[in-house]
Amino acid sequence: MDDALWLNANLATMAGAAPYGALRDGAIAVKDGRIAWVGPRKECRRKAVREHDARGAWITPGLVDCHTHLVYAGNRAAEFESRLQGASYEDIARAGGGIVSTVRNTRAAAEDDLVASAQARLRQWLAEGVAVVEVKSGYGLDRDTELKMLRAARRLEGLTVKTSFLGAHALPPEYQGRADAYVDFVCNEVMPLAQADAVDAFCEGIGFDAAQTQRVFEAARKLKVPVKLHADQLSDLGGAALAARHGALSADHLEYTSEEGVRAMAAAGTVAVLLPGAFYFLREKQMPPVAALRRHGVPIALATDHNPGSSPLSSLLLAMNMACTLFRLTPEEALAGVTRHGARALGLEASHGTLEAGKQADFALWQVHSPAELAYAVGANPSVGAVRAGAPRAGTLPAAP
């Protein structure tokens, strides 16, 4: 006997050949926190301890935000004003602002305060049916604060949290002019203690060059930790191809990635993570190579890139709309980007991202007429319920029409 059975639902399974993997008037059976069966309701012969009536709602996999910087202290609203007065992101960073200003605040914050502020931000993600969120370090740039950030991320509640160690995010003031020494410090003194699910780096002119990034990746390989990369956001330093050579789970941003980089990602199975929030907030003009990614069959994921400096975006649904309007993704591509491909970008494709037997029973219920509405309605949140490991989260389930 199953633990629960969800009936009278329209399913966007995000698996199979049909658009959205759609199955109207479907059913989902759950046992021991996992999906035990998915199919048409008329074919369901299963019995369960509890039956739930979805009342015609659409059910999707729980959403996945595969790139965030949720744990930090302070904000950078003053820099927002400076950019509107003509300063560039690079100008602000080189003047000691940008990432380094958040570093000062985060170093000074207590771990409990970091947890409390991140948990408060997370309410928006939970309200929008997000089941998995990735959280990076990178605002400490010293041993104790980087480890403090990762501990804080692991304490967040309400969903699955995957952590990424981003020690190679920026050069801290105490290492100015000694970037190679800082990379040694990151690789030898902090990374072995991080206990993160992945290692990330910022390969950019205002970050770390390709040789330094490669050293970070080689250290991660010795620790048997998968890698990800902030690649080609502001210039083409060959970051996407570098990530692919190291079998990266994902290469993220990618505005300046070349066709060669896209081909390398396709061959390596590296996911492209597009971050329309940063593109919008920084008023970028260079579009990511969406046509090339499609042409070469590179999976396209989407994420908020939530951070205080370049993407203070707290809505994955809005990120979907932005990806459609700014990058011309289709609504189906956008939903795949925050489900199936988002899970793959975190190495979670075996447990999340689709409604299939054996996957974790994390899904979201939506009061919409079609899944396209999730990307269509600007600023709307049609969520009417969420299920985690087979159990409904606190919230309102669909009301009878």
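FYI, it's all coordinate maths here, none of it is from the lab. Since this is a predicted model, take the numbers as computed values, not measurements. FYI the Cβ positions are ideal-geometry reconstructions off the backbone, even for glycines, and counts take in every protein chain you see.
Data overview
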{"item": "For the range 64-345, size of Cβ-based charge dipole, Lys and Arg +1, Asp and Glu -1, in debye", "result": "500"}
{"item": "Over the range 64-345, relative contact order from alpha-carbon pairs under 8 Å, at least 6 apart, %", "result": "17"}
{"item": "At R0 = 30 Å, FRET efficiency that the Cβ-Cβ distance of Met1 and Ser351 yields, to 0.05", "result": "0.80"}
{"item": "Pairwise label distance in nanometres, Asp113 with Arg154, each label 7 Å out on the Cα-Cβ vector", "result": "2.3"}
{"item": "Degrees between helix 143-154 axis and first principal axis of the chain (Cα, 0 to 90, nearest 10)", "result": "10"}
{"item": "Förster radius 30 Å - calculated FRET efficiency between His369 and Thr325 (Cβ-Cβ, nearest 0.05)", "result": "0.90"}
{"item": "Candidates Val161, Val273, Val227, ranked by Gaussian network fluctuation over the chain, Cα under 10 Å, top entry", "result": "Val161"}
{"item": "At most 16 other Cβ within 10 Å, DSSP loop - trypsin sites (Lys or Arg not before Pro), the range 321-374", "result": "Arg328"}
{"item": "Distance (nanometres) between label positions extended 7 Å along Cα→Cβ at Arg295 and Ala391", "result": "5.1"}
{"item": "Translational diffusion coefficient (Stokes-Einstein; Kirkwood radius from C-alpha pairs) of the range 64-345 at 4 °C, 1.567 mPa s, in µm²/s", "result": "70"}
{"item": "Mean ellipticity per residue at 222 nm, deg cm²/dmol - from DSSP H runs of n ≥ 4 across the chain, formula -39500 (n - 2.57)", "result": "-9000 deg cm²/dmol"}
{"item": "Linear extension gain, Arg94 paired with Ser82, 0.36 nm per residue minus alpha-carbon span", "result": "3.0 nm"}
{"item": "Local electrostatic count, Tyr175, Cβ distance below 12 Å [Lys/Arg +1, Asp/Glu -1]", "result": "-3"}
{"item": "R0 of 51 Å, Cβ-Cβ distance Glu174-Ala267: FRET efficiency to nearest 0.05", "result": "0.80"}
{"item": "Folded to 0 to 90 degrees: helix 259-268 orientation relative to the chain principal axis, Cα", "result": "60"}
{"item": "Length gained when the stretch Asp184-Met287 is fully extended (0.36 nm per residue, less Cα-Cα span)", "result": "33.7 nm"}
{"item": "Angle in degrees between helix 316-327 and the longest Cα principal axis of the chain, rounded to the nearest 10", "result": "70"}
{"item": "Lysine pair number, Cα distance threshold 25 Å (strictly under), the range 64-345, separation 8 or more or different chains", "result": "13"}
